[in-house]
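What follows is a short report on a single structure.
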């Protein structure tokens with residue numbers, strides 16, 4: 001049973017690991033292969049700061065909130081393990097700021113210590129009159145993706161540096177199941193008008209005195225179009241750009257100016273921070289995540305595709321829940337092919 | 001006495017902040033700092049500089065709270081300005097955890113720090129050996145940056161600083177009108193204060209930049225305080241030990257205790273060990289004294305004995321000391337027949 005995972009960002013690699021962990025002992029013939037034209041540190045995931053935080057509302061997508069929770073709990077469980085540092089996983093606390101009161105988010109009980117900001121705390125942020133404080137997690141992909149890669153290689157998963165042009169190409173090679181984790185470029189494999197780039201740009205600085213994340217929100221401009229500051233293990237990420245429909249992966253001087261001025265206004269101490277890097281990436285934005293099975297038929301030839309893309313600006317936040325869901329879909333495919341006994345109960 | 005000449009003995013956080021306050025309240029004063037040690041070799045440089053007050057049994061609580069509040073407000077403003085990184089001041093959030101529920105649920109300073117509240121069940125799960133906890137946000141003063149920043153501001157205000165070991169306050173009476181004694185632990189020898197005793201503290205300063213939250217065991221013995229470049233792991237409270245040499249057995253013990261609070265510390269790198277002697281006293285000695293010898297008087301203001309709480313109250317006690325200096329000046333001007341130049 002040959003399974004090809006297409007895409008090696010956080011979604012592709014975690015899905016591969018999840019499937020291998022759950023099924024390799026049940027299916028002796030299981031062969032997993034990863035195909036991608038971009039690997040860490042050149043994936044979209046690598047550019048993200050790595051903060052676990054969903055959008056303010058799930059728009060009724062309870063499923064996504066559950067996947068977010070599953071991811072948070074999974075990561076929290078790994079915090080105390082020796083692997084945490086290698087994974088790039090650690091706790092971080094911080095602020096979400098608003099110019100007016102807003103409803104509590106669906107994730108308020110998932111994170112730790114969620115509460116409203118006190119008036120004294122709001123004094124720190126002139127112009128913002130309402131906000132939240134909570135403790136969440138950071139998962140830095142420039143550590144996490146290599147960690148996932150090592151786990152996969154240890155398990156004998158093979159990696160190919162290749163741009164897959166079509167699902168047919170995989171099936172013609174003898175792949176039985178293709179897992180589509182191609183993120184923003186999924187449309188190249190199968191047109192999807194719902195999938196659009198949500199272009200972001202970030203400035204990485206040296207500001208080790210910043211210990212909290214600060215995320216501002218402007219309800220009118222929309223998510224991530226308002227300044228944010230996220231402290232990593234080495235650098236602090238400054239951002240606040242979200243351009244729907246913009247495919248440009250080049251850094252924009254105008255966006256740089258916007259980010260820099262807004263973030264320095266938010267945290268004056270940043271004026272002394274040294275700029276280390278600038279990066280742009282395309283969030284794979286979709287009204288909801290596409291996580292579903294598709295059977296491809298061609299005469300009596302039948303192959304399966306499991307789609308797992310469209311995670312927008314919350315890929316890291318939701319990745320493990322989606323990987324587990326994709327693994328369940330895989331399990332049902334195996335069951336149909338009578339290659340495995342009923343799926344293991346969810347742990 | 002046209003220009004009052006003030007000598008501040010001691011260049012730790014107390015000496016430097018007191019000198020700065022004096023220049024603020026008495027711009028016409030000439031202020032000089034004298035110390036045998038300057039940063040990075042003061043006791044202050046060893047401290048993590050966390051604004052979590054120590055309770056002095058001999059000082060009224062309302063006074064301690066006032067000192068803390070003034071210090072917190074002062075540093076809060078700096079942390080929110082462009083100078084924050086140079087001054088080494090930054091906000092940090094975290095948890096104080098207790099194995100047994102503390103006698104007082106609300107410490108006196110709970111409404112001065114930010115967002116103080118009991119920890120939730122979910123948060124406590126991270127600390128399986130602890131049954132109760134408090135979460136809050138406070139400030140940290142990284143040393144040496146803070147002392148260096150104070151020195152810079154002092155120089156800009158025209159304050160001179162000299163390396164000099166003062167063995168006796170009387171040495172200074174011919175050059176200075178007022179002596180401010182911020183000698184910290186040095187006051188033991190300098191003024192023979194038997195009530196001052198050392199509490200030895202050993203700490204580790206490690207590279208673990210992924211640690212963003214502080215953790216403190218309510219017993220005050222074990223703590224993890226993330227600073228700008230290093231995380232301070234502590235500690236010890238050894239009474240009557242005068243040794244400034246690191247103890248390897250103690251290092252291992254501190255490291256083990258901190259790792260049980262924060263397991264990721266096992267991966268910490270580049271461990272540096274430091275030792276400081278907290279200048280401990282039942283109460284901070286913050287008072288005027290007029291010394292007399294052979295008909296000559298010397299105006300003294302004492303500001304020492306801050307023990308484990310120096311950073312937490314430094315600005316508050318510095319301001320009070322500066323006020324006492326003002327009283328000394330008034331006294332000197334009042335006794336015009338004894339005016340000294």
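Considering only B:248, B:40, B:226, the mean-square fluctuation computed in a Gaussian network model of chain B, springs between alpha carbons under 10 angstrom, is largest for B:248. Using only helices, what value at 222 nm comes out for chain B when you add -39,500 (n - 2.57) per DSSP H run of length 4 or more and divide by the total residues, to the nearest 500 deg cm²/dmol? Calculated at 222 nm, the ellipticity per residue is -9000 deg cm²/dmol. Once the Cα atoms are used to define both axes, helix B:13-25 deviates from the longest principal axis of chain B by about 50 degrees. Each of the peptides B:187-196, B:157-166, A:261-270 was scored by the mean count of other Cβ atoms within 10 Å over its residues; in descending order, highest first, they stand as A:261-270, B:187-196, B:157-166. Take the alpha carbon atoms of the stretch A:121-190, find their center, do the same for the stretch B:40-95, and report the distance between the two centers in whole angstrom. Here the two parts' Cα centres lie 42 Å apart.
Considering only the Cα atoms of the stretch B:106-237, their convex hull presents on average a projected area of 12.0 nm².
For the stretch B:248-322 versus the stretch B:102-126, the spacing of their alpha-carbon centroids is 24 Å. The angle separating the long axis of helix B:61-79 from the principal Cα axis of greatest extent in chain B is about 80 degrees.
What percentage of all Cα-Cα pairs in chain A are separated by more than 34 Å?
The share of Cα pairs beyond 34 Å in chain A comes to 25 percent.
Which peptide among A:90-97, A:75-82, A:240-247 comes first, and what is the full order, when sorted by highest mean count of other Cβ atoms within 10 Å?
Result, highest mean first: A:90-97, A:240-247, A:75-82.
The fewest-to-most ranking of A:141, B:259, A:42 by surrounding Cβ atoms within 10 Å reads A:42, B:259, A:141.
Of all beta bridges that DSSP places with both ends in chain B, some 70 percent have antiparallel geometry.
To the nearest ten degrees, helix A:10-23 and the longest principal axis of the Cα atoms of chain A are 40 degrees apart.
For A:130, A:309, A:55, the sequence from fewest to most other C-beta atoms within 10 Å is A:130, A:55, A:309.
Working from the pairwise distances between different alpha carbons, so that the mean of 1/r is found and then inverted, what is the stretch A:119-191's Kirkwood radius in Å?
Result for the stretch A:119-191 stands at 17.1 Å.
In the distance distribution for the stretch A:1-88, Cα-Cα pairs more than 18 Å apart total 60 percent. For the stretch B:1-98, what log10 I(q)/I(0) values come out of the Debye formula at q = 0.14 1/Å, with one point per alpha carbon and no solvent? One equal scatterer on each Cα of the stretch B:1-98 leads to -0.73.
Extension gain for residue A:100 to residue A:257 (0.36 nm times residue separation, less C-alpha to C-alpha distance): 53.9 nm.
As a ratio to 2.2 N^0.38 Å, the alpha-carbon radius of gyration computed for the stretch A:132-281 takes the value 1.29.
Taking a ≥ b ≥ c as the square roots of the Cα gyration tensor eigenvalues, the stretch A:150-227 comes out oblate, since a/c reaches at least 1.5 and a/b does not exceed b/c. Spread over its residues, the convex hull of the C-alpha atoms of the stretch A:208-333 is 156 Å³ per residue. Taking the square roots of five times each eigenvalue of the Cα gyration tensor of the stretch B:258-322, the equivalent ellipsoid has semi-axes of 41, 13, 10 Å, listed largest first. Between residue A:161 and residue B:253, the simple label model (points 7 Å from Cα in the Cβ direction) yields a spacing of 5.4 nm. Altogether, the Stokes-Einstein calculation at 4 °C and 1.567 mPa s, with the Kirkwood radius of the stretch B:5-339 over Cα pairs as Rh, returns a diffusion coefficient of 63 µm²/s. Working note: 222 nm ellipticity from helices only, DSSP H runs with n ≥ 4, each -39,500 (n - 2.57), summed and divided by the residues of chain A, gives -8500 deg cm²/dmol to the nearest 500.
Calculate, for residue B:110 and residue B:162, the FRET efficiency according to 1/(1 + (r/R0)^6) with r their C-beta to C-beta distance and R0 30 Å; round to the nearest 0.05. Once rounded, the FRET efficiency stands at 0.10. A Förster radius of 45 Å combined with the Cβ-Cβ distance from residue A:172 to residue A:246 puts the calculated FRET efficiency at roughly 0.80.
In this simple spin-label approximation, residue B:175 and residue A:63 carry label points 7 Å from Cα along the Cα→Cβ vector, and these lie 8.0 nm apart. Counting only DSSP beta bridges with both residues in the protein assembly as shown, the antiparallel share comes to about 70 percent.
Take each residue in B:131-139, count the other chain C-beta atoms within 10 Å of its C-beta, and the mean is 2. Averaging Cα coordinates gives a centre for the stretch A:291-338 and one for the stretch A:18-80; these two points are 13 Å apart.
Size estimate for the stretch A:245-296 follows the Kirkwood approach: the inverse of mean 1/r over distinct Cα pairs works out to 14.4 Å.
Taking B:41, B:303, B:177 in turn, the Gaussian network model of chain B (Cα-Cα springs below 10 Å) assigns the largest fluctuation to B:41.
Extension gain for the segment residue A:86 to residue A:188, taken as residue separation times 0.36 nm less the Cα-Cα distance, is 33.4 nm to one decimal. Across peptide B:112-121, the average count of Cβ atoms from other chains found within 10 Å of a residue's Cβ is 3. In this structure, residue B:288 and residue B:2 have a Cβ-Cβ separation that, at R0 = 30 Å, corresponds to a calculated FRET efficiency of about 0.85. Scaled against the 2.2 N^0.38 Å expected of a compact globular protein of N residues, the Cα radius of gyration of the protein assembly as shown reads 1.14. Taken residue by residue and averaged, Cβ atoms of other chains lying within 10 Å of the Cβ of B:206-213 number 6.
Extension gain, residue A:206-residue A:294: 0.36 nm per intervening residue step, less the Cα-Cα distance, totals 27.1 nm.
Values quoted throughout were computed directly from the atomic coordinates according to the rules given, and no laboratory measurement underlies them. Computed from a prediction, not measured in an experiment: that's the story for all the values here. Virtual Cβ from ideal backbone geometry, glycine too; neighbours counted across all protein chains shown.
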